[in-house]
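Just so you know, all these numbers are worked out from the coordinates, no wet-lab data involved. On a predicted model such as this, the values are computed, not experimentally measured, just so you know. Cβ placement follows ideal geometry from the backbone for every residue including glycine, while neighbour counts extend to all protein chains displayed.
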């Protein structure tokens, strides 16, 4: 039996993709459907996502088959499907939570750092409430914390080969968080990286830290366990409770984190780090551009 969450997600995805199918001559429907699925991936698990995609595939195939066999039958199928969506949508759909309202009083500063393949989020440790994210105590006497997320094998491999890349791209897999503590100014610590400063409302920053804290795998006592040293500096890897797959990549995850914080970026438009940073520039200040040789 479909859960309410899955039903609402199916409805949302169906309504989202219908306009794309209607504009088949003007745009690429496969690309648009892919982008819609990426947004959907933040709402449901990969297994449920596969069910949704399968159902949408059957519906789309039925419409195409009906149009091929008999234009009138095909049009009626489309009308019935739209009517079904309208009725169930009015009865069951719940409003989707959008980005947070802007708080013009209290501000918290974060940084988005471009590492070439993915982006890290840098927060000032003093801004993080221990009641929300107590794990920051693991990095004492540090001014900043950088958080990154990605595929468990790919992220921890210094020189990943094609097989690891292919697995990360195609198969749902375990993920890790990469946490780095440092004291230098952010631009000094990452001299060769593009960097964007973003101001968050106090409530947006709180939501961001809650999401980050909730992304760690915890034992029965609520503690996190390190998998070992990280890639650079004072850093460590920690297991994450989220699944990495083609619709939930490192950049999509980071875009979701920014959106939770109130920054209106689109996970669907954040396939690459370039597209993520391009969106972030509209809502932040470019502190540092990457050197030409590294772009």
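In table form, for the structure just shown:
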| quantity | calculated |
| --- | --- |
| Members of the range 123-136 that are closer than 23 Å to residue 193 by Cβ and surrounded by fewer than 21 Cβ atoms within 10 Å (Cβ to Cβ) | 124, 125, 126, 127 |
| Filtered residue count, the range 228-253, keeping only those that are part of a helix (DSSP H, G or I) and out of contact with any helix residue (DSSP H, G or I) (no Cβ under 6 Å at 6 or more places or on another chain) | 2 |
| Among (1) part of a loop (DSSP other than H, G, I, E, B); (2) in contact with a helix residue (DSSP H, G or I) (Cβ under 8 Å, 6 or more places away or on another chain) - the single one residue 213 does not satisfy | (1) |
| Which numbered condition residue 207 fails, given (1) in a strand (DSSP E or B); (2) within 18 Å of the chain's Cα centre (by Cα) | (1) |
| Any hit, the range 180-188, residues being within 19 Å of residue 128 (Cβ to Cβ) and in a helix (DSSP H, G or I) | yes |
